[in-house]
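Trainee: So that we are looking at the same thing, I have put the structure below in structure tokens.
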Amino acid sequence: MQTPAAAPTAAKGTDMTKVSRAGRFFWPALTGVIGAGVLLAVSELIALLVAREASPILAVGSFVIDIVPQPVKEFAIAAFGAFDKIALLLGLALAVIVAASLAGLLEARWRYSGAVVLAIGAALATAAILTRSGASGLAWLPPLAGAIAGIAVLLILIKRYRRWAQLPADRSAPLDDADEKETDAVTARMGRRSFFALSLVAAGSALVVGIGARVANVATTSVRAIRDALKLPAPRAEVALPDGAELDIPGLSPLITPNADFYRVDTALTVPTVDPGTWRLIIDGMVDRRVEITFDQLLEMGLDEYVITLTCVSNEVGGKLVGNARWLGVPLRDVLRLAGPQANADMVLSRSVDGYTASTPLSSLTDDGIDAILAVGMNGEPLPLEHGFPVRMVVPGLYGYVSATKWLTELKVTTFAADEAYWTPRGYSAEAPIKFSSRVDTPRPGKRVSAGRTPIAGVAWAQTVGIERVEVSIDDGAWQAATLSTPINDDTWVQWHLEWDAEPGTHYVAVRAIDRQGNLQAEEKAPIAPDGSSGWHRVLISVD
Ligand SMILES: Nc1nc2c(c(=O)[nH]1)N[C@H]1C(S)=C(S)[C@@H](COP(=O)(O)O)O[C@H]1N2
Ligand SMILES: [Mo]
């Protein structure tokens, strides 16, 4: 009986190391194509991350369209009809394959000659990208990064190919005569194996990364364009800011957090792209009738403005995972009423297009006194993609993870006994009201303060209840009442400040709040899990 180990491998192995005549043309050419593929894939990936318009293939394609004379364009349309663009891209792909094969063949013969061909290709693509209108400041980065990666892969692959084909890698170092044959065969076999292994990995990842990045780029670019072009109806009622709503103190958080500065927390690896034209909200579960509504139907329910401070359960004492925005939306109680929640239900499981779920007490969404909304606008614009475009939930008084589902697609009326949300089996409470809190924004620890009169200022929030008082203690002395901004409503944070006569040295500044029900902010420190941090924010300040 013959075991696999006993099979004669030596003779066959030597055969395998031979590169056929056709192979001497095919493998280097393929190497060039793989190098170019890596170049394009890395460019696409970096373009997706830093400069969406900087896709080499598309930029060169658009460039060709622009320079092609009108008669040729007309011929292309006549010959290919609606497929003229596809024909162009196929032609371009063919040109890339030919040039890349040439690069591989040249590199196998003269070191770095193929690298130069790829570099020229990348340089042409960069020129095409930079001469497009709308090229951003980082538009040169994708083709550069692509060229570096593509050339590196080409050089390494060709080196392995030369070992396999027994082309002298370095003419100045001949092999020892006696061992030559044996060593050649071993080197060739190793070269062959490592050549194929890397070729496979490089080609495979180039395909996956390149196509993935291009698809993601197209999807987000088109939904981004839809979002940018979207005009939301004006609110029936705007929230007017009361006099004294905003304090003007350097270093203090603005009353309304600009969208660009608004914290972002979600489990989404890539931002979901939802076209409002095909978006549907399904309301089902324990309801009298299952309801499906479109984006337009939602808008037709009438939009109002709500200013609500959102807070993340992961916000540490003094942290930045809290923000205040003007939301444009529709009350959830009106939306739920369309379906008619049944009496024995006690929870709404909201679901995002990416599968994320949140469990919100039904009463928080139906209570007349709570402004829980489906939001479509944020600070005067449609929701940014990152903040849940086209529709998200915002519920005053509950941490985001149990209430603020972004990219919303379904509201399932159910019970806490029957259903569980994303974070519930992961160490967080099924129900999580926001623990009211306060924060010192300025002076900032680590920033030097000059002696003399200095404002101490920050924000405090107690959504649905409101902040009654904010107190500051310096160097663990008596608690002094801070001056508050005029609150917009009980769902938003207030700004506070206290004038301080700062003396040289180091000082502790601590803050605590009292809510409108007379409760003092919890002093006891708690970690963020399972239901939010607590404790008083205390900072160390050095004064010159
Ligand atoms: N689809 C989806 N929605 C989500 C989340 C998520 O991971 N996925 N995270 C929630 C959490 S934990 C918070 S704090 C808020 C944050 O909203 P923001 O990113 O707009 O600030 O979104 C909530 N909505
Ligand atoms: Mo959160």
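Trainee: So, in the stretch 402-417, of the ones that are assigned to a loop (DSSP other than H, G, I, E, B) and either within 16 Å of ligand 2 (Cβ to nearest atom) or in contact with a strand residue (DSSP E or B) (Cβ under 8 Å, 6 or more places away or on another chain) (or both), which residue ends up farthest from residue 322 (Cα to Cα)?
Mentor: Once the filter is applied, the top-ranked residue is 415.
Trainee: Would you check if residue 277 is over 22 Å from residue 362 (Cα atoms) and away from ligand 2 (no atom under 16 Å from the Cβ)?
Mentor: Taking the combined requirement at face value, the residue satisfies it.
Trainee: Right, another one. Can you tell me which residues in the stretch 510-544 are closer than 18 Å to residue 481 by Cα, part of a loop (DSSP other than H, G, I, E, B) and open to solvent by 20 Å² or more (accessible area, probe 1.4 Å)?
Mentor: Within the stretch 510-544, 516, 517, 518, 519, 522, 523, 536 meet the criteria.
Trainee: Ok, one more. Within the stretch 418-427, which residues are within 16 Å of ligand 2 (Cβ to nearest atom), open to solvent by 20 Å² or more (accessible area, probe 1.4 Å) and in contact with a Ser or Thr (Cβ under 8 Å, 6 or more places away or on another chain)?
Mentor: 422, 424
Trainee: Do we find that residue 396 is touching a residue at least 12 places away in the same chain (Cβ under 8 Å) and either assigned by TED's automatic domain parsing to the domain that holds residue 274 or outside any strand (DSSP E or B) (or both) in this structure?
Mentor: Criteria met by residue 396.
Trainee: With respect to residue 370, is the statement that it is open to solvent by 20 Å² or more (accessible area, probe 1.4 Å) and in contact with a strand residue (DSSP E or B) (Cβ under 6 Å, 6 or more places away or on another chain) true?
Mentor: Judged against the criteria, residue 370 is not a match.
Trainee: Right, another one. Considering only the stretch 150-164, I want to know if a residue exists there that is of a type in the set (Gly, Ala, Ser) and at pLDDT 95 or above.
Mentor: Checked against the condition, which is being of a type in the set (Gly, Ala, Ser) and at pLDDT 95 or above, the stretch 150-164 yields at least one hit.
Trainee: Filtering the stretch 372-381 down to residues that are in a strand (DSSP E or B) and more than 10 Å from ligand 1 (Cβ to nearest atom), which residue is farthest from residue 272 (Cα to Cα)?
Mentor: 373
Trainee: Kindly evaluate residue 265 against the criterion of being open to solvent by 30 Å² or more (accessible area, probe 1.4 Å), in a loop (DSSP other than H, G, I, E, B) and not assigned by TED's automatic domain parsing to the domain that holds residue 327.
Mentor: It is false that residue 265 is open to solvent by 30 Å² or more (accessible area, probe 1.4 Å), in a loop (DSSP other than H, G, I, E, B) and not assigned by TED's automatic domain parsing to the domain that holds residue 327.
Trainee: A further question follows. Within the stretch 84-94, identify whether any single residue is in the same structural domain as residue 157 (by TED's automatic domain parsing), of a type in the set (D, E, K, R) and under 21 Å from residue 148 (Cβ atoms), and answer yes or no.
Mentor: No, every residue in the stretch 84-94 fails to be in the same structural domain as residue 157 (by TED's automatic domain parsing), of a type in the set (D, E, K, R) and under 21 Å from residue 148 (Cβ atoms).
Trainee: Can you tell me which of 384, 390 is within 24 Å of the chain's Cα centre (by Cα), within 16 Å of ligand 1 (Cβ to nearest atom) and surrounded by fewer than 22 Cβ atoms within 10 Å (Cβ to Cβ)?
Mentor: Being within 24 Å of the chain's Cα centre (by Cα), within 16 Å of ligand 1 (Cβ to nearest atom) and surrounded by fewer than 22 Cβ atoms within 10 Å (Cβ to Cβ) holds for just one of 384, 390, which is 384.
Results for (1) closer than 29 Å to residue 216 by Cβ; (2) free of Cβ contacts under 8 Å to residues at least 60 places away in the same chain, shown as yes or no for each residue.
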{"site": "43", "(1), (2)": "yes, no"}
{"site": "54", "(1), (2)": "yes, no"}
{"site": "60", "(1), (2)": "yes, no"}
{"site": "92", "(1), (2)": "yes, yes"}
{"site": "98", "(1), (2)": "yes, yes"}
{"site": "112", "(1), (2)": "no, yes"}
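Trainee: Residues that are open to solvent by 20 Å² or more (accessible area, probe 1.4 Å), closer than 22 Å to residue 308 by Cβ and either of a type outside the set (Lys, Arg) or not assigned by TED's automatic domain parsing to the domain that holds residue 395 (or both): does the stretch 497-509 have at least one?
Mentor: No, every residue in the stretch 497-509 fails to be open to solvent by 20 Å² or more (accessible area, probe 1.4 Å), closer than 22 Å to residue 308 by Cβ and either of a type outside the set (Lys, Arg) or not assigned by TED's automatic domain parsing to the domain that holds residue 395 (or both).
Trainee: Filter the stretch 215-246 for residues that are in contact with a Leu (Cβ under 8 Å, 6 or more places away or on another chain) and farther than 22 Å from residue 386 by Cβ; which is most open to solvent (accessible area, probe 1.4 Å)?
Mentor: The residue in question is 236.
Trainee: Residue by residue through the stretch 402-417, note down the ones that are open to solvent by less than 10 Å² (accessible area, probe 1.4 Å), more than 9 Å from ligand 1 (Cβ to nearest atom) and of a type outside the set (S, T, N, Q).
Mentor: 411, 413 - these are the residues of the stretch 402-417 that are open to solvent by less than 10 Å² (accessible area, probe 1.4 Å), more than 9 Å from ligand 1 (Cβ to nearest atom) and of a type outside the set (S, T, N, Q).
Trainee: Sticking with this structure for a sec: Any idea which of (1) within 11 Å of ligand 1 (Cβ to nearest atom); (2) open to solvent by 20 Å² or more (accessible area, probe 1.4 Å); (3) out of contact with any Pro (no Cβ under 9 Å at 6 or more places or on another chain) is the one residue 343 doesn't satisfy?
Mentor: Single failed check for residue 343: (1).
Trainee: Same structure again: For residue 282, all conditions in the list (1) out of contact with any helix residue (DSSP H, G or I) (no Cβ under 9 Å at 6 or more places or on another chain); (2) over 27 Å from residue 358 (Cβ atoms); (3) surrounded by fewer than 17 Cβ atoms within 10 Å (Cβ to Cβ); (4) of a type outside the set (Phe, Trp, Tyr) hold save one; what is the number of the exception?
Mentor: (2)
Trainee: Counting only residues that are within 18 Å of residue 378 (Cα to Cα) and within 16 Å of ligand 2 (Cβ to nearest atom), give me the strands (runs of 3 or more DSSP E) lying completely in the stretch 282-367 with at least 2 of them.
Mentor: The strands (runs of 3 or more DSSP E) meeting that bar are 304-311, 322-331.
Trainee: Something else: Quick one: which of 304, 288 is over 27 Å from the mean Cα position of the chain (by Cα) and either open to solvent by less than 30 Å² (accessible area, probe 1.4 Å) or touching a residue at least 60 places away in the same chain (Cβ under 8 Å) (or both)?
Mentor: Testing whether each residue is over 27 Å from the mean Cα position of the chain (by Cα) and either open to solvent by less than 30 Å² (accessible area, probe 1.4 Å) or touching a residue at least 60 places away in the same chain (Cβ under 8 Å) (or both) leaves just 304.
Trainee: I would also like to ask the following. Residues that are touching a residue at least 60 places away in the same chain (Cβ under 8 Å), at least 2 per element: which strands (runs of 3 or more DSSP E) completely within the stretch 426-499 meet that?
Mentor: Because the criterion is at least 2 residues that are touching a residue at least 60 places away in the same chain (Cβ under 8 Å), the strands (runs of 3 or more DSSP E) in the stretch 426-499 that meet it are 437-442, 452-461.
Trainee: Residues of the stretch 226-262 being among the acidic types (Asp, Glu) and in a loop (DSSP other than H, G, I, E, B), which ones?
Mentor: 238, 243, 246, 248
The values are calculated or read from the model by the stated rules, or taken from the named source; none is laboratory data. From a predicted model like this one, the values you see are computed outputs, not experimental measurements. No Cβ is skipped: glycine too gets one built from the backbone with ideal geometry, and neighbour counts run over all protein chains shown. Areas reflect the complete protein model, heavy atoms only, side chains present, ligands, DNA and RNA absent. Shrake-Rupley method; radii C 1.70, N 1.55, O 1.52, S 1.80 Å.
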